Each structure stands twice: as C-alpha cells, then as structure tokens.
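Presented below is the structure to which this report refers.
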2 protein chains.
Amino acid sequence: MSYVLGIDGGGSKTVCILMDDTHQVLGRGVAGASNYQSIGIEATLQAIQSAIQVAVDNAQNLTKPVNISAICLGLAGVSRPEDITVVKLLLNQLQNNKELPINWTLPESNIVICHDALIALVGGIGHTVGIVVAAGTGSIVFGRNHQGQTKRVGGWGYILGDEGSAYKIAIAGMQAALKSYDGREMSTSLIESFRQHFSLAIIEDLIEVIYRQNLGVKEIAALAPIVDLAAAEGDEVANNIIDDAVKELVKATSTVVDAIFSSDSVIEVVTTGSVWQGKSKIQERFAVSLIKKFPRIKVIFPRYEPAYGAGLLALRKLVGEAH
Amino acid sequence: MSYVLGIDGGGSKTVCILMDDTHQVLGRGVAGASNYQSIGIEATLQAIQSAIQVAVDNAQNLTKPVNISAICLGLAGVSRPEDITVVKLLLNQLQNNKELPINWTLPESNIVICHDALIALVGGIGHTVGIVVAAGTGSIVFGRNHQGQTKRVGGWGYILGDEGSAYKIAIAGMQAALKSYDGREMSTSLIESFRQHFSLAIIEDLIEVIYRQNLGVKEIAALAPIVDLAAAEGDEVANNIIDDAVKELVKATSTVVDAIFSSDSVIEVVTTGSVWQGKSKIQERFAVSLIKKFPRIKVIFPRYEPAYGAGLLALRKLVGEAH
C-alpha cells in the first residue's frame with residue numbers, strides 16, 4: 001500500500017488529506033492560511049506542517065511513521081516559475097523537519113506543485129479532465145483536456161478582472177443602489193437592503209463604510225448575498241446584476257471550451273465557490289445558458305474537495321499516468 | 001472697493017485668488033494639498049494660509065493689510081455637516097493668525113464653505129447657473145438652476161462609482177487587454193500599449209504592477225491616456241471604452257437636467273478634468289450625444305478656474321444676491 005499527501009493551501013485555511021493508492025482518505029487535517037505572498041514563508045510553513053500533522057494523527061489504524069510516496073501542493077496564487085521555486089524551498093525545509101510522523105524522501109518527480117484551480121478541478125470532478133468555474137471572492141475558469149492541455153481564463157484579481165465573482169456582484173449591487181438613489185437607474189430594493197445591512201441613516205453613508213472604514217476585498221465580497229437575495233425576491237436591478245455575472249462566467253467558460261475541447265465533447269463543468277450557493281438559481285441560469293451553446297456539457301457541484309484533488313494528482317505520480 | 005478671497009482646496013494643490021468687486025483678480029497664490037481628511041488639519045491650515053499669503057503678496061498695487069469682506073472655500077470631499085463644522089473651526093484658527101497681511105473680521109454670513117463641484121461650476125461657466133461635468137481621477141455631475149436648486153449625480157468614488165472617470169477608463173482598458181489576452185474579447189492594441197508602458201515581458205505581469213507594487217488610484221487614473229490614445233488611433237476595444245464613458249457621463253448629465261431644468265432650457269454644461277483633454281474627441285462625442293437629447297444645451301470648456309468661481313461666490317455675499 002502506498003500513501004500520498006494532498007494539500008490545499010489558501011488565503012483562509014490549509015487542508016491536508018492523507019490518501020492511499022485506492023483513493024481512500026485515511027486522515028484529514030485543517031490549519032490556518034498558507035498564502036505565503038501575504039502571510040510570509042514562516043507562517044505558511046507552520047500552517048502546512050500543522051495540517052499534515054493533524055491529517056496523519058487522524059489516520060488511526062496506521063503504523064507511524066507513515067511512508068509518504070508523493071505529495072501534491074495546490075496553492076492559491078502560485079503559477080509563476082518564481083512562485084514554484086519558493087514553494088520547492090519551502091517543501092525542502094518541511095522535509096528536514098524530523099518531528100512529523102512521516103518518512104518522506106521524495107524524488108523530484110513525485111512532487112507536484114500547482115495552483116489551486118487545478119486541484120479544485122480534479123477534486124471537483126474526481127479526475128483530471130474537465131473545467132472548473134471558480135466564483136468565490138475572486139473568479140477563474142480553468143480547463144484540462146484528455147491530452148493534458150490546459151487553458152486558464154480570468155483570475156486577474158479584483159482590480160483587473162474577477163468578473164462574476166462575489167466581489168464584483170457586491171460592488172455592482174452597491175453601484176446600482178447609488179445610481180438608483182441618484183435617479184440614474186430604475187428603483188431597486190438594494191438601496192434599502194444595503195442601508196439596513198450597515199444600519200445607515202441614509203444610503204449616502206455607504207461612502208463612510210467603504211472608504212473610511214476601509215472595507216477589504218473579502219468583506220466586500222461577503223456582501224454578494226445581499227444582491228443574490230434581492231434577485232431571488234424578484235428585484236429587477238439585482239437580477240440584471242446576476243445575469244451579467246452569469247454572462248461573464250459563460251463567456252469565460254466558452255473561451256476555455258473553444259480553446260481546448262471540441263464543441264461537441266461531453267465535458268463536465270464543476271462550479272466551486274460561494275457565488276454558486278446563492279438563492280437566485282445562479283448555477284441553474286449558468287447551466288441553461290452554457291448548454292444552449294454546448295449541448296453536451298454537464299454542469300455539476302463538486303464531488304470532492306480540492307485537497308482530495310491534490311491527493312489524486314499525487315497518486316498519478318506513482319502510476320506514471322501520461323495525462 | 002471691496003475685496004474677497006476665493007479658495008480652491010484639493011488633493012493635489014490649493015489655489016487662492018484675491019478678487020475685487022468688479023471681478024478683477026488682483027493676486028493668485030498656489031500651495032500644497034488641502035484635503036484635511038487625508039493630510040490632517042494642521043497641513044491643511046498651512047496650505048490655505050500659504051496660498052492666501054502668496055495671493056495677497058502678488059497684489060502689488062494694493063495697500064497692505066487688505067480688508068477682506070468675504071471668503072469662499074471650495075474643498076474636495078466637503079459636503080456633510082460634520083465636514084463644514086471642521087472647516088469653520090479651521091477658518092477660525094486662520095482668522096486668529098495675525099501674520100497674514102489682511103484684516104478680516106467676517107460675519108458668519110460672509111463665509112461660504114462648499115464642495116469643489118460648486119466652485120468648478122461657477123468658475124467654469126462664469127456665473128452660478130448651469131451644470132459641471134467633472135471627469136478627472138473621479139467623476140461627478142453637479143447642476144444649479146435659476147431658482148438656486150442644486151442636483152448632484154455621481155461622485156461616489158472609485159469603488160462605488162466614478163463612471164466615466166480617468167480611473168474607470170484606465171481600469172476598463174486593462175481589463176479589456178487581459179480579456180483579449182485570455183481570448184474572451186477581440187484583439188486590441190491595448191495589450192501592447194500597457195506592456196510597453198510598464199516595460200513588461202508579458203502582459204500577465206500587469207498583476208505584479210497593480211497588486212504587488214500597490215498602484216494607487218491616482219497612478220491608475222494616470223493610465224487613462226493610454227486608452228484614449230489607442231481609441232484616437234482607431235482601436236475598436238478602446239473606442240468602446242471611451243463610448244461607454246461618454247454614455248455614463250451623458251446619462252448622469254441627463255439626470256441632472258431632468259431633475260432641475262426643463263428639457264428645452266438653454267443650459268451651459270462645462271466639462272472639467274483630465275478626461276476631456278483626450279485625443280479621442282471625447283468632449284465632442286459627449287456634446288453630440290447630449291445635444292441629441294437636449295438640443296438647447298451648450299457644452300463648453302471652463303471659462304475660469306474653480307478658485308475664480310469661489311471668488312464670485314464670495315462676492316455674491318456682499319451684494320446679497322438671492323440665488
């Protein structure tokens with residue numbers, strides 16, 4: 001029996017799973033954030049180490065130390081060669097840590113370092129072919145075909161892109177509320193929703209909240225459900241915003257299909273992230289619109305979590321799968 | 001002969017003019033920024049004082065100290081009652097300063113404190129009736145009719161609004177370049193323009209520039225001429241961005257017209273700010289589109305600067321004009 005580690009490292013938490021070569025999950029550990037670009041190398045190292053420790057401790061029927069044959073780290077914001085070099089150094093440091101209840105002398109070829117969209121795709125679908133449409137605080141569409149070719153669309157962040165993300169939906173909601181307040185846009189319940197949410201005397205005071213209290217990207221993204229709810233309750237302005245988000249996500253997904261799939265392929269598209277949890281049937285709208293263009297596409301919610309996808313990617317290194 | 005001070009205080013500089021009751025400008029002084037919300041009360045006080053000092057020093061044929069009968073301060077970001085209270089306190093401090101070569105024991109009624117859009121309107125048109133369409137780093141449309149009624153549209157800042165501003169044009173340009181690079185948008189010369197502007201190896205590195213170097217709002221707004229130039233040279237994507245900006249500014253202006261003017265009035269609309277200086281004929285496009293809706297509107301460039309408008313507003317306090 002061989003064992004691998006699959007690690008999903010992001011801006012809010014780090015998940016590690018310990019998997020055997022029958023795809024069985026033996027242990028799972030969760031620790032703090034591990035986006036080294038924001039929190040630094042040392043804190044990232046701590047988080048990953050702690051997630052591994054918990055995952056292995058949880059594997060109760062296993063003799064320790066466990067022999068680890070491969071590892072896959074899927075990390076947010078890791079795509080450039082410089083990033084991969086940093087993560088490799090980080091992994092070296094981790095392997096020198098003799099306190100972890102594992103043995104791992106991994107050849108370079110049994111180490112996978114990739115971005116979080118790939119592990120979300122593989123975990124979400126359960127294998128390595130398909131498309132992931134991630135729409136949480138940010139947004140990105142990423143696909144991989146049978147030949148192993150990949151295509152990424154979006155993922156440019158809250159200033160340069162992230163169309164269809166929770167951040168963009170929330171911003172569009174506040175902008176529309178203020179436009180309506182100005183008399184530039186038809187009337188909308190969003191004015192009252194945002195006013196109540198922040199307990200403002202008048203909606204103009206949104207300026208206070210956003211600029212002077214310096215609301216961050218995540219906090220703003222967390223306002224998207226206000227727009228989603230208004231849309232679900234029939235507000236036309238809110239529904240236009242949701243439709244725009246759907247349009248952007250369909251457009252991005254179509255671009256990935258056109259780039260690496262043939263338009264009549266059977267493709268699974270997995271939707272991940274908070275946006276899809278909305279009450280305004282946003283996933284249904286997305287699926288309807290996408291299937292109109294590509295009738296053989298199937299839109300699904302994730303089958304497994306991204307860390308599981310990382311585990312599968314690590315396992316592939318053991319069997320030497322071509323794609 | 002009576003004398004007044006007109007002060008235009010903003011985020012990059014403070015201008016003071018000394019004006020007599022025949023609208024003659026006798027002296028002009030420029031000093032640093034005076035947006036107290038960013039730079040603090042003390043620095044604001046210094047800047048205003050220094051601008052006054054220079055303006056009065058420049059008035060060469062005048063016996064010092066000069067008797068000042070009224071003052072108008074038009075300050076960026078000043079609109080809420082709290083802000084006006086702060087500025088009044090600030091003005092009190094200033095009047096206690098006996099080193100300035102002026103005598104001013106001003107009754108409350110001879111002090112005008114207002115936001116920068118009003119002085120831009122009055123300076124830009126040369127009197128107090130009309131509409132100002134300010135599109136610089138941010139954007140706002142502000143109008144005032146013969147009855148003294150005012151209407152503001154926009155001015156919600158770079159996160160919540162500022163449609164048609166240099167910031168929004170620049171952001172739209174970068175977003176379009178990256179969408180085009182993804183394959184989501186038709187090809188555009190903007191990719192190459194931004195790449196060259198920042199000396200990037202590939203356009204993907206825009207992420208580095210925007211997020212890791214933490215480019216500020218003004219620095220981003222300063223990129224708008226890249227989009228304007230591409231539009232002037234015939235790039236379709238860039239032209240769509242300019243057209244969108246025009247559409248937003250026309251919409252905002254129309255809202256002001258509808259709110260406080262009758263649609264067949266003769267109205268002067270003054271355009272202020274960097275956006276209007278572009279090579280893509282943006283003012284012409286704006287005027288054509290606006291005049292289609294309101295045939296008797298006249299779109300002009302500013303006749304005088306905002307500080308001059310502040311001077312005119314101060315003078316009105318002496319003659320007790322009704323509106």
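Would you be able to say whether some residue in the stretch A:182-192 is acidic (D, E), open to solvent by 10 Å² or more (accessible area, probe 1.4 Å) and either under 17 Å from B:R80 (Cα atoms) or in a loop (DSSP other than H, G, I, E, B) (or both)? Yes: one or more hits. Of all residues in the stretch B:153-178, those that are under 21 Å from B:D228 (Cβ atoms) have Cβ atoms under 7 Å from Cβ atoms of residues that are part of a helix (DSSP H, G or I) and basic (K, R), 6 or more apart or on another chain, in B:D162/B:K168. When the stretch A:240-263 is filtered for residues that are among the hydrophobic types (A, V, I, L, M, F, W, C) and closer than 22 Å to A:T137 by Cβ, the ones remaining, listed by number, are A:I241, A:I242, A:A245, A:V246, A:L249, A:V250, A:A252, A:V256. Within the stretch A:200-226, the set of residues being away from chain B (no Cβ under 14 Å) and either surrounded by 17 or more Cβ atoms within 10 Å (Cβ to Cβ) or farther than 21 Å from A:E163 by Cα (or both) comprises A:A224, A:P225, A:I226. Could you go through the stretch B:165-173 and let me know if any residue there is in contact with a helix residue (DSSP H, G or I) (Cβ under 9 Å, 6 or more places away or on another chain), in a loop (DSSP other than H, G, I, E, B) and at pLDDT 95 or above. Yes, because at least one residue in the stretch B:165-173 is in contact with a helix residue (DSSP H, G or I) (Cβ under 9 Å, 6 or more places away or on another chain), in a loop (DSSP other than H, G, I, E, B) and at pLDDT 95 or above. The set of residues in the stretch B:188-233 that are more than 29 Å from the chain's Cα centre (by Cα) and without any contact (Cβ under 8 Å) to a residue 12 or more places away in the chain comprises B:E192, B:R195, B:Q196, B:S199, B:L200, B:A201, B:I202, B:D205, B:I207, B:E208, B:R212.
If the condition is being open to solvent by 10 Å² or more (accessible area, probe 1.4 Å) and either at the interface with chain B (Cβ under 9 Å from one of its Cβ atoms) or among the charged types (D, E, K, R) (or both), then the stretch A:169-180 contributes A:I171, A:Q175, A:K179. Please go through the stretch A:240-292 and pick out each residue that is outside any helix (DSSP H, G or I) and not polar (S, T, N, Q). Within the stretch A:240-292, A:F261, A:D264, A:V266, A:I267, A:E268, A:V269, A:V270, A:G273, A:G278, A:K279, A:K281 qualify. Of the residues in the stretch B:48-70, not one is free of Cβ contacts under 8 Å to residues at least 40 places away in the same chain and either open to solvent by less than 30 Å² (accessible area, probe 1.4 Å) or assigned to a strand (DSSP E or B) (or both).
Tallying residues that are in contact with an Asp or Glu (Cβ under 7 Å, 6 or more places away or on another chain) and in a helix (DSSP H, G or I) within the stretch B:293-323 yields 5.
Let's see how each residue does on (1) farther than 21 Å from A:I202 by Cβ; (2) buried (at least 21 other Cβ atoms within 10 Å of the Cβ); (3) facing another protein chain (nearest Cβ under 9 Å):
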position	(1), (2), (3)
B:A135	yes, yes, no
B:I140	no, yes, no
B:G148	yes, no, no
B:I159	no, no, yes
B:Y167	yes, yes, no
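In this entry, B:D264 is excluded by the filter for residues that are farther than 25 Å from B:V153 by Cβ, away from every other protein chain (no Cβ under 13 Å) and acidic (D, E). Of everything in the stretch A:242-257 that is touching a strand residue (DSSP E or B) at 6+ places or on another chain (Cβ under 9 Å) and open to solvent by 20 Å² or more (accessible area, probe 1.4 Å), the residue that is nearest to the other protein chains (Cβ to nearest Cβ) is A:K251. How many residues are in contact (Cβ under 8 Å) with a residue 60 or more places away in the chain, buried (at least 23 other Cβ atoms within 10 Å of the Cβ) and closer than 18 Å to A:A232 by Cβ if we restrict to the stretch A:266-298? Qualifying residue count, the stretch A:266-298: 3.
The values are calculated or read from the model by the stated rules, or taken from the named source; none is laboratory data. Here the structure is a predicted model, which is why all the values come from computation and not from measurement. Quick reminder, even Gly has a Cβ in these numbers, built from the backbone with ideal geometry, and neighbours come from all protein chains shown. The area values use the complete protein model at the heavy-atom level, side chains included, leaving out ligands, DNA and RNA. Shrake-Rupley method; radii C 1.70, N 1.55, O 1.52, S 1.80 Å.
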